[in-house]
1. Would you compute, from DSSP H runs of 4+ residues alone, the mean residue ellipticity of the chain at 222 nm, taking -39500 (n - 2.57) per run and dividing by the full residue count, rounded to the nearest 500?
2. What do you get when you divide the Cα radius of gyration of the stretch 234-288 by 2.2 N^0.38 Å, with N the number of residues?
3. Nearest 5 percent is fine: what portion of the DSSP beta bridges confined to the stretch 70-145 is antiparallel?
4. Taking the Kirkwood radius as the inverse of the mean 1/r across Cα pairs, report the Rg/Rh of the chain.
5. Would you compute, for the Cα atoms of the stretch 200-267, the largest minus smallest coordinate along each principal axis and list the three values in descending order, in whole Å?
6. Dividing the convex hull volume of the alpha carbon atoms of the stretch 1-49 by its residue count, what do you get in Å³ per residue?
7. Going by the alpha-carbon gyration tensor, a ≥ b ≥ c the square roots of its eigenvalues, is the stretch 28-91 rounded (a/c under 1.5) or, if a/c is not under 1.5, prolate (a/b greater than b/c) versus oblate?
8. Given axes a ≥ b ≥ c from the Cα gyration tensor, I'd like to know whether the stretch 223-317 is rounded (a/c under 1.5), prolate (a/b larger than b/c) or oblate.
Ligand code: GLY
């Protein structure tokens, strides 16, 4: 029987302990655990990698602790513009939405875009209308707003006024969620969803809905989902770059993933991380910041969750 594997992330950054209360850290870890459980349940029942990554991302979109769906970052106008994408490594089919304002779970809309096959990327009001026509949950924009994001936007605007934006904590800046998986049939898939970054310009589109940048999956190579300042993930086509290093240079997953995060992106001091799974079920989760919300389940069924360097083994149940 083929090996299965799953890895998720909920954003990377400085993640100072004081950024969140003990209760908030615990709640974020619990939601990571839940995301792993939901994705793993799909894979262990023989389901597809595509279904597993979507299910895992939906849990994080519905959690207020991550910058995607409910609890997403606000742009400079105080509005949410959501991005998401999903890719099937078996067929190289992909779907994405960008600048969505009313889709409760943007990753579900990305999947529908992929399945419909008329476009890879739908944006703005057309993405919202498409999701509505497809019968997905549509919400008022206020649904996505949490007190934490409102405070973060105000704090960032104060930083900008004072000329200290560079010193803002990562909790005030950005985050993204994502999942990668290998299923029993040997197929790979990746999914990523985000609100972008705090105080981003209205209309700004990051790497998350750009296939090959924030999300990439190709059977036989790897599946990748990234987090960090999207402009750099687009410039370096990070998802595709990891796959290409494996494909053309014969590097293993850990070497390829570490190279792009720790060497290519490190000099820009932007904060970046990714999770990736390879065709043999190995998992990589490099990040060049103090921490990254992340978790994985090994092919042996070992559940792990981490925010900073220390990795906690957790129960499957
Ligand atoms: N990586 C998410 C973004 O930059 O929008």
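Bear in mind these aren't lab numbers, they're just calculated from the coordinates by the rules spelled out. Keep in mind that this is a model prediction, so the values were computed, not measured.
1. On the way: 9 runs with 101 residues, N = 317.
When only DSSP H runs of four or more count, the value is -9500 deg cm²/dmol.
2. Working: Rg = 10.5 Å, N = 55, 2.2 N^0.38 = 10.1 Å.
Relative to the 2.2 N^0.38 Å estimate, the stretch 234-288 comes out at 1.04.
3. Details: 6 of 9 bridges.
The answer is about 65 percent antiparallel.
4. Details: Rg = 17.5 Å, Rh = 18.7 Å.
Rg divided by Rh gives 0.94.
5. If we take the Cα atoms of the stretch 200-267, the spans are 41, 27, 14 Å.
6. Values: hull volume 3.9 nm³, N = 49.
So the per-residue Cα hull volume is 79 Å³.
7. On the way: a/c = 4.54, a/b = 1.64, b/c = 2.77.
Oblate, because a/c is 1.5 or more while a/b does not exceed b/c.
8. Details: a/c = 2.39, a/b = 1.32, b/c = 1.82.
Verdict is oblate for the stretch 223-317.
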